[in-house]
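Please read the structure below before turning to the comments.
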Amino acid sequence: MSVAGERRKLGSVLFGLVIAIIVVFILAPLAVAVGSSVTTTGYLAFPPRGFTLKWFGEAASNPKFLEALWTSLQLGVATTVISVVAGVLASYAIVRRPGPLTAVLEQVLLSPILLPAVVLGLGILLSLSLSGWLGTFPGGLLAHIIVASPFVTRSVLAGLRRLDPRLEEASHSLGAGGVRTFCRIVLPSVRGAIIGGAVFAFVISFDEAVVTLFLTGSDFTTLPVTIFTYVQYSNDPTIAAVSTVIILVSALLVGLVTRQGGRDER
Amino acid sequence: MTATIALPRVRAGAPSRRTLLLLLPMLAIFAIGFAAPLYFVIRFSLEHFDAAGTQGASVTLEQFVTIFTTPLYGDLILRTLGLALATTVISAVIGYPLALAITRGPRPLRAPLMALVTIPMLTSVVVKTFGWQVLLSSDGMLQRTLDAVGLSSVKLLNTTTGVVLGLVHTYFPFMVVSLVAALSAIDRTTEHAAASLGSTPGQVFRRVTFPQSLDGLAAGSALTFVTSMSALVTPQMLGGGKVSTIVTVIYQQATSAQNWPLAAALGVVLLIITLVILSLQTWAVRHVSRR
């Protein structure tokens, strides 16, 4: 083989090695969280020693984790439902009435993705404590909708913009009213975008920690915030078991969206 | 009758009543949950801090004067920017090869690699950071490896090194996604043309591929910079109180110290830095593409 061919081969081997290292880097902390959840030691150990599921039992019998999980699930569902309803309506208005006003509005509705979450958390802390809603579920819900709804809006806006407006015109000219056209033509056509946005909103809400850290109280705390506080004082593998459950929930949902996305493209 | 009158007005682009009705739910949510909070952050940043909690009616710039005249806060801002810069540079260095592999690597590997990049984006930052905590701790695998090869002076947990490692892991996927978008938008015929005219793969990359991906690199860098600058969980959990940033200080001042005016003023500083970086990126992209 020529020298140039040898060099190219060496180059692609090196490139492959770099990619392999990056893959290990991406998976390392997740592998550690899952791995250390089955250790038989009384403290966090990776690689785990032995195999036991007792820490999952410990987590499931700890009312603190159960309550937080229940709150997180309720919060995630409520956030998703409200974000989808309000997000779909707003996106439809923005796409169907293009103009300088709706263009600015679009930027505002998407801006929580880029603006620092701490500033939002602090601001909501200030307004909630002035109105007496700090440390309550509705206060947390408001914050989660602000953080999660941009992902619904972004996804649905993109879906609506791919939609052929002639479909709606045809529906109108055949005598269907605005509401009927919206429900029968528009909504089914952007179903994939809505589902994708909804799953994203749920995952964002379920995993959110930064804004929520500012807003929790004794009556209101979520699973990520509970983990955050727990690891500062404790070193037992229960927290690894809880983390494993969170990873599985996220992975399951992402898998569902990926399959849904593939179906839309076909 | 009403329909024929309403129609031209709608066509003129004025927001109809129906449009307003559609926008109403989201507008109401954003008014209470977004506009009002931002107003309060700005309003409180202009307050005088009083441990007794009484609120003054007057407007003062004393929080900003404190921030910009106390070396402690100057260091804090510089350290935060430094952490974000380190995170951005490392993310670009490891994100670029990965984006190349996703767009130009062996076909069967492309989709799995892309899925792999989205995993950290969609896993709870608390869970990921917890994993790093275990891995970086003094009896963790990485630290023991370092100790074994005689690098025991390098500590990982509760150091800047550990925080940067965690930040890169959390935010480099944003860089990869931007780069993948830019690299897959490049017209491959330009690369083939360069190659058929006798350029080596290295020259094709340097002269054709890389220059055309600069937009994506700028967008990814701006996004990685502003998001890693605003991280709270990673510096808090991996810094162990030894690595403070603007954000961790805002959190401490807002929750345990209850010094809302100072927290709010630091928040305004962070917000302004974010807006400046995002506008710079928009300007740069426009400037480059106009040429």
* Asked: How many residues are more than 22 Å from the chain's Cα centre (by Cα) and surrounded by fewer than 18 Cβ atoms within 10 Å (Cβ to Cβ) if we restrict to the range B:100-116?
  -> 8
* Under the condition of being more than 21 Å from the chain's Cα centre (by Cα) and either surrounded by 21 or more Cβ atoms within 10 Å (Cβ to Cβ) or within 21 Å of B:PHE174 (Cβ to Cβ) (or both), which residue from the range B:226-258 is farthest from the other protein chains (Cβ to nearest Cβ)? -> B:GLN253
* Structure fact -> The correct count of residues that are part of a helix (DSSP H, G or I), over 15 Å from B:ALA36 (Cβ atoms), in contact with a Phe, Trp or Tyr (Cβ under 9 Å, 6 or more places away or on another chain) and among the small types (Gly, Ala, Ser) in the range A:122-169 is 4
* B:LEU135: assigned to a helix (DSSP H, G or I) and either at the interface with chain A (Cβ under 9 Å from one of its Cβ atoms) or not β-branched (Val, Ile, Thr) (or both), yes or no? -> yes
* Structure fact -> Exactly one of A:GLY87, A:GLY5, A:GLY16, A:GLY57 is within 9 Å of chain B (Cβ to nearest Cβ), assigned to a helix (DSSP H, G or I), surrounded by fewer than 18 Cβ atoms within 10 Å (Cβ to Cβ) and of a type in the set (Gly, Ala, Ser), and that one is A:GLY16
* Selection from the range A:246-266 of residues that are polar (S, T, N, Q) and either closer than 19 Å to B:THR123 by Cα or modelled with pLDDT of 65 or more (or both) -> A:SER250, A:THR258
* What is the one condition in (1) closer than 16 Å to A:ILE22 by Cβ; (2) small (Gly, Ala, Ser); (3) not in a helix (DSSP H, G or I) that B:GLY166 does not satisfy? -> (3)
* Structure fact -> Conditions (1) under 22 Å from B:LEU122 (Cβ atoms); (2) modelled with pLDDT under 95 -> A:LEU187 fails only (1)
* To do: Go over the candidates A:THR102, A:THR40 one by one and state the one that is more than 11 Å from every other protein chain (Cβ to nearest Cβ), of a type in the set (Ser, Thr, Tyr) and either surrounded by fewer than 19 Cβ atoms within 10 Å (Cβ to Cβ) or out of contact with any Gly (no Cβ under 8 Å at 6 or more places or on another chain) (or both).
  => A:THR40
* **Which numbered condition B:ALA263 misses (of (1) buried (at least 20 other Cβ atoms within 10 Å of the Cβ); (2) under 23 Å from A:VAL231 (Cα atoms); (3) not aromatic (Phe, Trp, Tyr))** => (2)
* Structure fact -> Scanning the range A:202-228 for residues that are in contact with a helix residue (DSSP H, G or I) (Cβ under 9 Å, 6 or more places away or on another chain), more than 12 Å from every other protein chain (Cβ to nearest Cβ) and either part of a helix (DSSP H, G or I) or surrounded by fewer than 17 Cβ atoms within 10 Å (Cβ to Cβ) (or both) gives A:ASP219
* Conditions (1) without any contact (Cβ under 8 Å) to a residue 60 or more places away in the chain; (2) at the interface with chain A (Cβ under 9 Å from one of its Cβ atoms): number failed by B:GLY166 -> (1)
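Out of the residues in the range A:163-189 meeting the condition of being in contact (Cβ under 8 Å) with a residue 12 or more places away in the chain and closer than 17 Å to A:PRO98 by Cβ, tell me which one is surrounded by the most Cβ atoms within 10 Å (Cβ to Cβ).
In the first step, residues of the range A:163-189 are kept if they are in contact (Cβ under 8 Å) with a residue 12 or more places away in the chain; the result is A:163, A:167-168, A:171, A:181-182, A:184-187, A:189.
Narrowing further to those that are closer than 17 Å to A:PRO98 by Cβ: A:163, A:168, A:186.
Values: A:LEU163: 15, A:GLU168: 18, A:VAL186: 20.
Selected residue: A:VAL186.
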* Could you give me the residue pairs with C-beta distances under 6 Å whose first residue belongs to the range B:5-30 and is more than 8 Å from chain A (Cβ to nearest Cβ) and over 9 Å from A:ALA93 (Cβ atoms), whose second residue is modelled with pLDDT of 80 or more and surrounded by 15 or more Cβ atoms within 10 Å (Cβ to Cβ) wherever it lies, and which are 6+ apart or on separate chains? => B:VAL10/B:SER16
* Structure fact -> Here the residues within the range A:116-134 that are more than 7 Å from chain B (Cβ to nearest Cβ) and either modelled with pLDDT of 95 or more or out of contact with any helix residue (DSSP H, G or I) (no Cβ under 7 Å at 6 or more places or on another chain) (or both) are A:GLY121, A:SER129, A:LEU130, A:SER131, A:GLY132
* Any idea which of B:LEU223, B:LEU278, B:LEU270, B:LEU217 is assigned to a helix (DSSP H, G or I), within 9 Å of another protein chain (Cβ to nearest Cβ) and farther than 30 Å from A:THR229 by Cα? -> B:LEU278
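The values are calculated or read from the model by the stated rules, or taken from the named source; none is laboratory data. A quick note: this is a predicted structure, and the numbers were derived from the prediction, not measured. Cβ sites come from the backbone with ideal geometry, for glycine too, and all protein chains shown count toward neighbours.
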